[in-house]
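The values are calculated or read from the model by the stated rules, or taken from the named source; none is laboratory data. Please read all numbers here as calculations on a predicted model, not as lab measurements. Cβ sites come from the backbone with ideal geometry, for glycine too, and all protein chains shown count toward neighbours.
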Amino acid sequence: MTAATALLRGVNVGGRRKVPMADLRAVLEQLGHGDIATHLNSGNAVFVVSEGTGAFDPATVSAAIATGLRERLSLDVDVVVRTSAQIDAVIAANPFDDEARADPGHVLVVFYADPVRDPMLDASRHGAERVVWDGAHAYAHYPDGIGRSRLTPDVLDRAAGQPGTGRNWRTVLAVQELLRARA
């Protein structure tokens, strides 16, 4: 059994691209996954991968979830899937550990579908923020807060060459706990 999380990009923000969590749970259930739970209303789901799907492939599971949401809600939604072990590794690799402990709302992890190669970004041009790239993740520290920063998700996505979906440190830890309960 593999516990995994699906992280949806850009849903339920400002009243747009509404994905009710009940619909997300229903899509996961239709795909045969079990022990499903959602966290917050921002597109975070944890589940146990269906054993009938063969070897676990995050890209295949992501695509199936995206297809299910398109069919159910007529929305195109980017979905990133990570296993419990992968989330544990993301947490262990956090280069802003002290900052995350002091203020978890100001540390963000951006999850990408594919590893990021040679991101072209000078974070200092955007303010006091710092960014560390690690494979298919970017860690960003926003000492003055995320809301007014000029280091926006679009800036990070352009540097990565692909869309990503960000979660603050508090949410990453909450998802980890939900995954551990399913391991």
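Assorted remarks:
- Filtered residue count, segment 153-170, keeping only those that are farther than 12 Å from residue 118 by Cα and not in a helix (DSSP H, G or I): 7
- 3 or more residues more than 24 Å from residue 143 (Cα to Cα) and of a type in the set (A, V, I, L, M, F, W, C): qualifying strands (runs of 3 or more DSSP E) within segment 1-111: 3-8, 44-48, 79-83
- Just one of (1) closer than 17 Å to residue 42 by Cβ; (2) surrounded by 19 or more Cβ atoms within 10 Å (Cβ to Cβ); (3) free of Cβ contacts under 8 Å to residues at least 24 places away in the same chain; (4) not aromatic (Phe, Trp, Tyr) fails for residue 129. It is (1).
- Among residues of segment 87-119 being free of Cβ contacts under 8 Å to residues at least 12 places away in the same chain and over 21 Å from residue 155 (Cβ atoms), the one that is surrounded by the fewest Cβ atoms within 10 Å (Cβ to Cβ) is 92.
- Some residue of segment 118-126 being assigned to a strand (DSSP E or B) and out of contact with any Ser or Thr (no Cβ under 7 Å at 6 or more places or on another chain): no
- Search result, residues across segment 130-156 that are at pLDDT 95 or above and either within 19 Å of residue 86 (Cβ to Cβ) or within 15 Å of the chain's Cα centre (by Cα) (or both): 132, 133, 134, 135, 136, 137, 138, 139, 140, 156
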